[in-house]
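As structure tokens, the structure follows; a few thoughts come after it.
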Amino acid sequence: MIEVQTRMIKEAKEYPTSLDFSRIYLRRGMEISNKEYYVHKIKEVGLAGEETVIEYIKEFGCEHWVVIRNMWFDDFGRCENDITLITNTHCYVLEVKNYDHKYTHNNGVCRVNDKKVKNGPVAQARKNFLNLKKICGEYSSDIQVKGALVLVAIDQEVEIQSPIEDIEVILRSDLRRYIREIAKEEQKAQTYKYIDKKGLIQHLEKYEILNPNLARAITDNEIKNLRKGICCTHCGSFDLDINNRKKYIKCSCGFHEPREEAILRTICEYGVLHSDKQLTRKELLEFFDGQVSHNLLRKYLKKHFEVRGNGKYTYYINMKLPFEKIRYRFKLDLPRIYYIKNKDYQIYIR
């Protein structure tokens, strides 16, 4: 499987997502409405569901297949293709849902745990399929386009009580079979013309828009109520043993994180929350709430971040992304260590 990133996807990856923002926002004790929390959880499980489908494609699909993730279009209305799969002969659009509840569909009405869902997943999947079919048809009438709604939760109870046009509904238990059938369909080379994948992707990019779900910046009022300082990356606790003379910051859960890494991770959290501005030592020192000295902070900023300006006008380029997404950019040698209760330990090297 070859994962391709389009121009807009590459651009979007330079900015934090709304999920990146809400993870940090919640971890630092900020309250949100029930609706906002529901949206946050949907995004969390949705991302996990997409990862599951990608793993199935890697394991049971073909090496030459092309996958594009989270591609946004604006053609008679905005829509997102969770997974676009291009084989030699077909183009598939997969709408992935990870509901851990009973799901029913009857005459266009979708219900989750018997509660009616507005703009249900079947309608979303059909819209994405019809949209992609139209766009691909403009490039070549020979391209075969298919769509599917993939319900990826394990042991999910699903009832399809009426026929569904245009798309298939695939359960987790049928996903391996579905991917293998895609491979079998591709083998009928004499029936279908081969797709010019590069040309098709360039055509799709003409309709592509930037992901509209990028993170907002935190407000001044919100930052006042935000819990500050370093938190444990393993359990989220702020009750840490921070000794600037030691190489590790320790948490009572047993997780020991290299001090330099913990400081960099916290700087990155600030950068996600303040994606609209660059980094200054004064504001970062306030965010660390006295846990890091001015000299130590300056040392790590100078070592790992691009510096601009001089004197009181000095600032550092905000990378804007969570630490886990850009860890590879930092030269870090010490491993994370997790001590379990029986006093043995496991070492995490990432």
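For the condition modelled with pLDDT of 95 or more, on the phi > 0 side of the Ramachandran plot and outside any strand (DSSP E or B), what is the one hit in Gly229, Gly199?
Just a single option satisfies the conditions, and that option is Gly229.
Can you name the number of the only condition in (1) within 21 Å of Tyr38 (Cα to Cα); (2) outside any strand (DSSP E or B); (3) of a type in the set (D, E, K, R) that Glu80 fails?
The one condition Glu80 does not meet is (2).
Select from region 131-150 the residues that are more than 16 Å from Asp166 (Cβ to Cβ) and open to solvent by 80 Å² or more (accessible area, probe 1.4 Å) and write down the one among them that is modelled with the lowest pLDDT.
Among those residues, the one meeting the criterion is Ser141.
Farther than 30 Å from Ile201 by Cα and either open to solvent by less than 60 Å² (accessible area, probe 1.4 Å) or not in a helix (DSSP H, G or I) (or both) - does that describe any residue in region 118-130? Reasoning before the result, please.
Taking region 118-130 first, the residues farther than 30 Å from Ile201 by Cα are 118.
Subsequent filtering for residues that are either open to solvent by less than 60 Å² (accessible area, probe 1.4 Å) or not in a helix (DSSP H, G or I) (or both) retains 118.
Checked against the condition, which is being farther than 30 Å from Ile201 by Cα and either open to solvent by less than 60 Å² (accessible area, probe 1.4 Å) or not in a helix (DSSP H, G or I) (or both), region 118-130 yields at least one hit.
Checking His101 against (1) closer than 22 Å to Ala48 by Cβ; (2) of a type outside the set (Lys, Arg); (3) not in a loop (DSSP other than H, G, I, E, B), which single condition isn't satisfied?
For His101, the exception is condition (3).
Scan (1) under 19 Å from Asn98 (Cα atoms); (2) open to solvent by less than 50 Å² (accessible area, probe 1.4 Å); (3) in contact (Cβ under 8 Å) with a residue 60 or more places away in the chain; (4) part of a helix (DSSP H, G or I) for the single condition Tyr56 breaks and write down its number.
(2)
Which one of these is in contact (Cβ under 8 Å) with a residue 60 or more places away in the chain, farther than 26 Å from Ile143 by Cα and acidic (Asp, Glu): Glu269, Glu159, Glu208?
Glu269
Within region 158-186, count every residue that is part of a loop (DSSP other than H, G, I, E, B) and surrounded by 13 or more Cβ atoms within 10 Å (Cβ to Cβ).
Kept after step one, since they are part of a loop (DSSP other than H, G, I, E, B), are these residues of region 158-186: 161-166.
When the remaining residues are screened for being surrounded by 13 or more Cβ atoms within 10 Å (Cβ to Cβ), the result is 164, 166.
Residues in region 158-186 being part of a loop (DSSP other than H, G, I, E, B) and surrounded by 13 or more Cβ atoms within 10 Å (Cβ to Cβ): 2 in total.
The values are calculated or read from the model by the stated rules, or taken from the named source; none is laboratory data. Worth saying up front: this structure is predicted, and the values here are computed from it rather than measured. Cβ: placed from backbone, ideal geometry, glycine included. Neighbour counts: every protein chain shown. For the accessible areas, the whole protein counts, side chains as well, though only heavy atoms, and no ligand, DNA or RNA atoms are used. Shrake-Rupley method; radii C 1.70, N 1.55, O 1.52, S 1.80 Å.
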